[in-house]
Structure formats: C-alpha cells, structure tokens
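In what follows, a structure is listed as structure tokens, so that the remarks can point back to it.
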Amino acid sequence: MKFDVRRGTARDAQGVVELFAEGGNPHNWTLEKWGHYYQNYPEGETITFVAESEEGIIGRYGLFPVVIGGHHVYMGAHAYISESVRGLAVISTLMKALDHFCIEQGIPFIVGFANPRFTIVKAKLFKWNTPLY
C-alpha cells in the first residue's frame, strides 16, 4: 500500500477522529476532544503526524510538550494505526518522521508510555534507548 507521512493539521481532525473511532470508539473520540488535545492544549503546542493513503488517514502519532528536569521534551501519545494496515510499515514511517522532527528541533528525548512488547520493537528497529519504565 502506498502512503505518505506528513505533519498533521487542523484539516485532519475529522479523519483522525474517524480513525480513532475504528472498532467502536472505546476512548470516545470526538472533534471536541481532538480540539482539546491538538488545538487548545494548555501546556503548549502539540505536534501530530499522520499517515495518509488514497483511502484517507490510516495512522497517526501525537506529541505533547512536557518539561522534565529542565528539559523541554515531548511525550508521545495517541498512536494508532488502522486495523486494515497494521504492521511495521506505517508505524515505523511515522516514528521515523517523529524522530527526524525531534532531532531537527533539538529535542533531547521523548517520553513514552511503558509498553514492554513495543519497547522491543523500538530498541531493535529504531535503536531507541529505554532507560527506565
């Protein structure tokens, strides 16, 4: 499947909400919830990357600004890949874009949620270090 990864914009809101609603919308995503996290987030500008094919948005990854020990960094959240294209192709391309963005912006590290199974993928495929859980 051919797809492109790009920085997300407000124009993507409906497609992202539809993506998150796949499988019954267990986290109750709405345009209002998207707006809170990706337009009006109280801690600063959030970053989003989307993977898009001819069928629409098929994946996305969000970053929220946080300060840890005086370092301005981002916390990864709301990563989701459409069930129709699950595998390493989409998530790895999204993560490479995220990694490139952080390097370009001088972001020293990304905080992520603990997921032991995916940590193995991040370490082996992307050579990311996970210093602690």
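The values are calculated or read from the model by the stated rules, or taken from the named source; none is laboratory data. As the structure is a computational prediction, the values presented were derived from the model and not from experiment. Neighbour counts run over all protein chains shown; Cβ positions are idealised from the backbone, glycine included. Areas reflect the complete protein model, heavy atoms only, side chains present, ligands, DNA and RNA absent. Shrake-Rupley method; radii C 1.70, N 1.55, O 1.52, S 1.80 Å.
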TODO: Could you check the stretch 1-110 for strands (runs of 3 or more DSSP E) lying wholly inside it with 2 or more residues that are open to solvent by 30 Å² or more (accessible area, probe 1.4 Å) and in contact with an Asp or Glu (Cβ under 9 Å, 6 or more places away or on another chain)?
DONE: 4-7, 56-68
Task: Which listed residue, of Thr30, Thr46, Thr93, is free of Cβ contacts under 8 Å to residues at least 24 places away in the same chain, among the β-branched types (Val, Ile, Thr) and touching a strand residue (DSSP E or B) at 6+ places or on another chain (Cβ under 7 Å) - done: Thr46
Open item on the list: Could you tell me how many of the residues in the stretch 35-54 are more than 17 Å from Ile91 (Cα to Cα) and more than 13 Å from the chain's Cα centre (by Cα)?
Closed with: 10
